[in-house]
Amino acid sequence: MTTTTGGAETAPSTIAKRRGPRILGKHPLGLLFSAPYLVFVLVVFAYPLVYAVYIAFHDYFFTAPGAVVDRPFVGLANFVDAFTDPDVIRSFGNVGIFLIINVPLTVVLSIVLASGLNKVTHLKAFYRVAYYIPYLTASVAVVAVWLFLFNGSGLVNQILGPLAPSPSWLINSHWAMPSIALFVTWKQMGFYILLYLAALQNVPNELYEAASTDGAGAIRKFFSVTVPGVRPATVLVLLVSTVTGANLFTEPYLLTNGGGPNGASTSPVLLMYQKGIEQGHPDEASAIGVVLVVLVLVIALLQNRFAGGKD
Amino acid sequence: MSKFQATLRSAVLALGALVFLFPFYYMIIGSLQTKQDASLGGAFPHPSNITGANYSAINDRINLFSGLLNSGIFTAGVLVCTLIFGVLVGYSLAVLQWRGRGVTFALALLVQVVPFQLLIIPLYVLITRTYGLGDNYLGMILPFAINSTAVIIFRQYFLQLPKELFEAARIDGANEFVLLWRIALPLVRPALVTAALLTFIGPWNEFLWPFLITKQASMQPLAVSLANYISNVAATASNPFGATLAGAVVLAAPVVVLFIVFQRYFISTDVGSSVKG
């Protein structure tokens with residue numbers, strides 16, 4: 001009884017669907033469900049992205065709402081204006097220093113801590129919380145502590161005694177950028193440990209057992225099984241940490257008081273804020289942004305080429 | 001596994017935990033000290049040097065309550081939008097078949113690698129100048145309204161539900177809203193918790209965007225007013241160290257408490273899958 005009614009109901013409905021408009025697929029409702037998100041992506045990402053490029057190539061300035069003004073196309077003039085400014089060149093160099101310190105340190109430390117955490121049985125929940133807390137906490141809140149830990153008479157210098165740099169870390173033009181890189185490494189590490197922990201679940205245990213029977217020690221197993229096994233995660237960590245580094249703003253703004261000393265820790269985004277919004281040159285700021293994104297894309301492609309393998 | 005290796009591993013992990021947690025301990029201790037003591041002994045202060053005065057000192061300067069309220073409204077707006085619209089997209093990406101599904105999924109992945117900072121100039125122009133939403137909660141919420149990582153997490157969880165479940169319910173005549181609300185959603189509760197936590201920390205901790213579009217102090221989320229205090233006002237306070245750290249504790253506490261309460265629902269593989277797609 002039930003089977004016959006079931007059959008009788010499904011047959012016409014499939015025919016009806018076949019006859020109906022297939023342009024939108026089997027469940028056109030999917031498009032309706034996704035419409036708010038698609039509008040959101042269009043309004044907040046796609047349109048501003050195009051607009052940013054437009055601003056970068058035009059003589060753009062802030063006007064009162066509704067005012068119609070002429071904004072002529074100026075070709076590369078904004079790029080020339082921005083990149084003949086030594087501060088801008090310096091800020092890109094600073095991000096370079098940042099990435100050279102931050103990215104390798106992040107990959108090495110998070111892979112080591114994640115594989116240790118993966119094998120431990122006691123206190124696992126405690127370690128997970130401990131490692132993740134800096135990532136969860138607002139930069140503004142932890143910056144406050146680091147300011148006091150690393151200032152001239154702060155705890156770090158008290159412990160280091162005569163080894164402390166002078167002037168102190170954040171006001172020393174050699175140490176300002178490396179200090180920021182260390183801070184960000186510390187703050188973001190929990191997220192990358194989590195990514196590696198997830199990736200480690202996919203490394204088959206048999207590989208470790210096989211390596212053991214072949215007489216491999218712990219270190220050999222780490223380099224021959226773990227590291228290749230989590231390579232997709234490494235590609236992802238490289239990408240995310242590079243993008244994070246390129247987006248640096250809060251740390252130089254607060255830790256080194258606006259990119260000090262003397263521009264030794266300015267970042268391109270900090271300059272975008274200063275030039276674009278404080279000084280009213282959004283066109284130059286957009287030009288900086290476009291170059292920044294293109295550079296990030298190039299770095300990401302190179303990383304993918306050399307670290308990605310077949311993935 | 002030798003005993004030496006196990007000991008070494010424990011030592012490395014414990015050292016890691018110390019490095020990650022000590023600044024937080026120092027934040028709390030510092031916020032309670034009457035006088036700043038930067039020496040090593042200051043990390044273990046004498047009870048006579050403990051006070052709550054720093055909390056009232058920071059409250060006099062930046063009105064913690066209105067800061068928390070603004071952060072709360074900003075975060076709640078993002079959470080509500082993400083939980084409603086994000087679940088709808090996640091469901092239609094995982095369960096429904098429609099034209100444009102592949103493109104929408106690709107967009108959700110792509111959006112996560114677009115550096116938000118490139119967009120600040122056009123978004124600033126559009127939201128403050130064109131739409132006139134400066135110093136406005138809507139303007140604060142809009143760029144963060146639907147968290148794409150949450151969308152991917154929802155999709156991942158809905159994908160894991162057996163296909164037969166949906167087919168059976170459709171045969172019984174359930175429409176898609178009933179299916180989603182009554183059958184699918186109750187089964188993906190862990191995804192809701194993970195996605196809600198991840199979404200929460202975005203706007204709660206965000207500094208740059210609300211900093212750009214709020215000029216009135218009464219509209220600023222706590223992260224912004226605390227940052228302004230650090231960069232402008234702290235120098236003139238009697239115990240800037242204590243007051244700043246008291247503000248930092250108030251800003252950090254809600255997230256840390258939420259995470260500790262919900263951490264057993266928070267599964268690392270969710271986050272992993274979300275970014276791998």
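Can you tell me how many residues within segment B:126-145 are charged (D, E, K, R) and either within 20 Å of the chain's Cα centre (by Cα) or modelled with pLDDT under 90 (or both)?
The qualifying residues number 1.
What residue, among those in segment B:95-125 that are buried (at least 18 other Cβ atoms within 10 Å of the Cβ) and over 25 Å from the mean Cα position of the chain (by Cα), is farthest from the other protein chains (Cβ to nearest Cβ)?
Filtering first and then ranking leaves B:V95.
Among what's in segment B:157-179 and is in contact (Cβ under 8 Å) with a residue 12 or more places away in the chain and surrounded by fewer than 22 Cβ atoms within 10 Å (Cβ to Cβ), pick the residue that is farthest from B:Q112 (Cα to Cα).
In this case the residue turns out to be B:A169.
Would you check which residues across segment B:83-94 are over 14 Å from A:H27 (Cβ atoms), more than 7 Å from every other protein chain (Cβ to nearest Cβ) and either surrounded by fewer than 22 Cβ atoms within 10 Å (Cβ to Cβ) or hydrophobic (A, V, I, L, M, F, W, C) (or both) and list them?
Within segment B:83-94, B:L83, B:I84, B:V87 qualify.
Would you please name the residue that is nearest to A:P178 (Cα to Cα), looking only at residues in segment A:262-291 that are exposed (fewer than 14 other Cβ atoms within 10 Å of the Cβ) and either in contact with a Ser or Thr (Cβ under 7 Å, 6 or more places away or on another chain) or among the acidic types (D, E) (or both)?
A:N262
Residues checked against (1) within 12 Å of chain A (Cβ to nearest Cβ); (2) of a type in the set (A, V, I, L, M, F, W, C); (3) closer than 20 Å to B:D135 by Cα; (4) not in a loop (DSSP other than H, G, I, E, B):
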{"site": "B:L179", "(1), (2), (3), (4)": "yes, yes, no, yes"}
{"site": "B:I183", "(1), (2), (3), (4)": "no, yes, no, yes"}
{"site": "B:P190", "(1), (2), (3), (4)": "no, no, no, yes"}
{"site": "B:L197", "(1), (2), (3), (4)": "yes, yes, no, yes"}
{"site": "B:G202", "(1), (2), (3), (4)": "yes, no, yes, yes"}
{"site": "B:W209", "(1), (2), (3), (4)": "yes, yes, yes, yes"}
{"site": "B:V224", "(1), (2), (3), (4)": "yes, yes, yes, yes"}
{"site": "B:N232", "(1), (2), (3), (4)": "yes, no, no, yes"}
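If a residue has to be within 11 Å of A:Y51 (Cβ to Cβ) and of a type in the set (K, R) to count, how many in segment B:112-133 make the cut?
The number of residues fulfilling the criteria is 0.
When segment B:188-229 is examined, which residues are found to be surrounded by fewer than 22 Cβ atoms within 10 Å (Cβ to Cβ), small (G, A, S) and farther than 22 Å from A:T137 by Cβ?
B:A217, B:S218
Check whether at least one residue in segment A:86-104 is facing another protein chain (nearest Cβ under 8 Å) and in contact with an Asp or Glu (Cβ under 9 Å, 6 or more places away or on another chain), and report yes or no.
Among the residues of segment A:86-104, not one is facing another protein chain (nearest Cβ under 8 Å) and in contact with an Asp or Glu (Cβ under 9 Å, 6 or more places away or on another chain), which makes the answer no.
Would a scan of segment A:233-252 turn up a residue that is surrounded by fewer than 19 Cβ atoms within 10 Å (Cβ to Cβ) and either away from chain B (no Cβ under 11 Å) or more than 21 Å from A:Y131 (Cα to Cα) (or both)?
Within segment A:233-252, not a single residue is surrounded by fewer than 19 Cβ atoms within 10 Å (Cβ to Cβ) and either away from chain B (no Cβ under 11 Å) or more than 21 Å from A:Y131 (Cα to Cα) (or both).
Can you tell me which residue in segment B:142-156 is nearest to B:L107 (Cα to Cα), limited to those that are in a helix (DSSP H, G or I) and of a type outside the set (A, V, I, L, M)?
Within segment B:142-156, the match that is nearest to B:L107 (Cα to Cα) is B:S148.
What number of residues within segment B:55-97 are under 29 Å from B:P186 (Cβ atoms), of a type in the set (A, V, I, L, M) and free of Cβ contacts under 8 Å to residues at least 24 places away in the same chain?
3
Quick check on segment A:292-311: of everything there that is surrounded by fewer than 18 Cβ atoms within 10 Å (Cβ to Cβ) and within 23 Å of A:Y51 (Cα to Cα), which residue is modelled with the lowest pLDDT?
Across segment A:292-311, the extreme among qualifying residues is A:L297.
Filter segment B:9-37 down to residues that are free of Cβ contacts under 8 Å to residues at least 60 places away in the same chain, among the hydrophobic types (A, V, I, L, M, F, W, C) and touching a helix residue (DSSP H, G or I) at 6+ places or on another chain (Cβ under 9 Å), then give me how many there are.
So the answer is 10.
Take the conditions more than 10 Å from every other protein chain (Cβ to nearest Cβ), in a helix (DSSP H, G or I), under 30 Å from A:F148 (Cα atoms) and of a type in the set (S, T, Y) and apply them to A:T185. Does it pass?
The answer is yes for A:T185.
Among the residues of segment A:49-93 satisfying the criterion of being under 22 Å from the mean Cα position of the chain (by Cα) and closer than 26 Å to B:P143 by Cβ, which is surrounded by the most Cβ atoms within 10 Å (Cβ to Cβ)?
This residue is A:S91.
Which residues, taken from segment A:179-225, are under 28 Å from A:L99 (Cα atoms) and charged (D, E, K, R)?
Answer for segment A:179-225, where residues must be under 28 Å from A:L99 (Cα atoms) and charged (D, E, K, R): just A:K187.
Scan A:L270, A:L297 and give me the residue that is within 27 Å of A:S139 (Cβ to Cβ) and in contact with a Phe, Trp or Tyr (Cβ under 7 Å, 6 or more places away or on another chain).
The match here is A:L270.
Where residues in segment A:157-181 are surrounded by 14 or more Cβ atoms within 10 Å (Cβ to Cβ) and within 11 Å of chain B (Cβ to nearest Cβ), which of them is nearest to A:T250 (Cα to Cα)?
Per the stated criteria, the residue is A:N157.
Confirm whether A:L31 is among the aliphatic types (A, V, I, L, M) and assigned to a helix (DSSP H, G or I).
So A:L31 passes the test.
Among the residues of segment B:251-267, count how many are more than 7 Å from chain A (Cβ to nearest Cβ) and either within 18 Å of A:V145 (Cβ to Cβ) or free of Cβ contacts under 8 Å to residues at least 40 places away in the same chain (or both).
Matching residues across segment B:251-267 total 5.
Wholly within segment A:90-166, which helices (runs of 4 or more DSSP H) include no fewer than the required count, namely at least 2 residues that are among the aromatic types (F, W, Y)?
Those helices (runs of 4 or more DSSP H) span A:124-136, A:139-149.
Have a look at A:A141, A:A130, A:A125 and point out the one that is surrounded by fewer than 20 Cβ atoms within 10 Å (Cβ to Cβ) and aliphatic (A, V, I, L, M).
Only one candidate passes the filter, namely A:A125.
In this structure, does A:A211 turn out to be in contact (Cβ under 8 Å) with a residue 12 or more places away in the chain, hydrophobic (A, V, I, L, M, F, W, C), in a helix (DSSP H, G or I) and more than 24 Å from A:R305 (Cα to Cα)?
In short, yes.
The values are calculated or read from the model by the stated rules, or taken from the named source; none is laboratory data. Just so it is clear, the model here is predicted, and its values are computed rather than measured. With ideal geometry, Cβ positions are generated from the backbone for all residues, glycine too; neighbour counts draw on all protein chains shown.
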